[in-house]
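This report refers to the structure that appears directly beneath it.
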């Protein structure tokens, strides 16, 4: 970025600070992880020393870019514990690549070795191992966040941050309350098809995981509904529901059962890791390359990526060709949609047992019960540090 060799993220230079013997969990923070990973960056020297230490508050200049202009992006990941007590991460490098893409869109640092970052993640997860639940549907949620810490006030000479911070914290069981929504009739979630607020548009930032994309989610959600179903265009095409990708299951005229989800081509929807994984599994099954990991998936299926409008969904409900609808994402894994409120009318969406098969397949892979043959489930190595270790602690200064 500046013509010089910038320091990379280097896991071997980690500085670890253990919890003090007197550590007490603050009231209201019982569900949060005890540790956090921080890695500073500046545009002159590159990445600074990674540190893992007790979770603590962050401080910034009042004119920091993250505070003034929401220059921040993040990822959502989960750590699972197997029945044998192993810790697993699901396709973590996919999340790292998406974080790079989001960071680049904001002028934040977007270059690092994924293997180095994964080693640091694994050590953080190993420290939190006692907190990770092992019950079905439970998890330790991981929130990597990258933000501008340098002054971002006014029009700058270029769009790139002078200083940034990558940090990672954890908390328990995001999405657990929706886990049972794929179980069958009457379990699906309720969505409100939102026309008052627009989440994303062509050429915008809808396909990036930026903090600014999610600030309107809560204010737009109607009471009694799990999430907003975001619409766009005069045709009222659907895009995402809340912060998850959406599929409909539809009977085609040629007898095939179609799994239809919005294409990524126009940049409105996030390229979800769960979405991509489901598409891969269904496509391989449809093409006869590899059977779906759990029995019960029909052979005559196809995956279609195209626009889906609310009028098409309503017509499918009325003529019986709509066979189900579900959302997917890291937080929720797979959830069935039970009804949609649109233009003052509530439409009941039929349940479909295939949705539970997809959910059980995804959670089985994530928790190490199913080996899909692709190394999607990363086993976290054990790490038991004693006291402070790693390179001597550096003082990282702004440039």
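Set the Förster radius R0 to 25 Å, insert the Cβ-Cβ distance between residue 219 and residue 346 as r into 1/(1 + (r/R0)^6), and round the FRET efficiency to 0.05. Let's see the in-between values first.
Details: r = 22 Å, r/R0 = 0.88.
For residue 219 and residue 346, the calculated efficiency is 0.70.
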Whole-number D in µm² s⁻¹ for region 11-177, Kirkwood Cα-pair radius fed into Stokes-Einstein, 10 °C, 1.306 mPa s | 94 µm²/s
Taking the chain as a Gaussian network, Cα atoms linked when under 10 Å apart, which of 348, 290, 209 shows the biggest mean-square fluctuation?
-> 290
Given the options 223, 40, 133, which has the most mean-square fluctuation in a GNM of the chain, springs set between C-alpha atoms less than 10 angstrom apart?
-> 223
Tilt, helix 92-106 to longest principal axis of the chain (alpha-carbon atoms), in degrees rounded to tens, equals 80 degrees
Acute angle (nearest 10 degrees) that the helix 353-366 long axis makes with the longest principal axis of the chain, alpha-carbon atoms | 20 degrees
What nm value, rounded to one decimal, do you get for the distance between residue 61 and residue 183 when each label is placed 7 Å out toward the C-beta?
-> 5.3 nm
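In square nanometres, what is the average projected area of the Cα convex hull of region 209-289?
On the way: hull surface 29.5 nm².
Dividing the Cα hull surface by four gives the mean projection, 7.4 nm².
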Quick one: length gained pulling residue 5 to residue 283 fully straight, 0.36 nm per residue minus the C-alpha distance?
-> 95.8 nm
To the nearest 10 degrees, how steeply does helix 114-127 sit against the main Cα axis of the chain, on a 0 to 90 scale?
-> 90 degrees
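Provide the gained length on full extension for the span residue 319 to residue 304, in nm with one decimal, where the gain is 0.36 nm per separating residue minus the Cα-Cα distance.
Values: separation 15, 0.36 × 15 = 5.40 nm, distance 2.02 nm.
Here the answer is 3.4 nm.
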Mind jotting down the distance between the C-alpha centroids of region 118-189 and region 22-89, whole Å?
-> 9 Å
How long is region 308-366 along each principal axis, judged by its Cα atoms, biggest number first, in Å?
-> 38, 21, 17
Expressed to one decimal in nm², the mean projection of the alpha carbon convex hull of region 188-350 is 9.6 nm²
Quick one: if you take sqrt(5λ) for each eigenvalue of the C-alpha gyration tensor of region 82-238, what semi-axes come out, biggest first, whole angstrom?
-> 29, 28, 13
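Quick one: if the Förster radius is 45 Å, what FRET efficiency do residue 15 and residue 290 give, using the C-beta to C-beta distance and rounding to 0.05?
0.55
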Give me D for region 149-278 in µm² s⁻¹, whole number, from Stokes-Einstein with Rh from the Kirkwood sum over alpha-carbon pairs, 10 °C and 1.306 mPa s.
-> 90 µm²/s
Under a plain spin-label model, where a point goes 7 Å from the Cα along Cα-to-Cβ, how far apart in nm are residue 134 and residue 196?
-> 4.7 nm
Taking only C-alpha positions in the chain, Rg and Dmax in angstrom work out to 22.1, 69
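Here, each number is a calculation from the coordinates, and none is a lab measurement. For clarity, every value in this text was computed on a predicted model and none was experimentally measured. With ideal geometry, Cβ positions are generated from the backbone for all residues, glycine too; neighbour counts draw on all protein chains shown.
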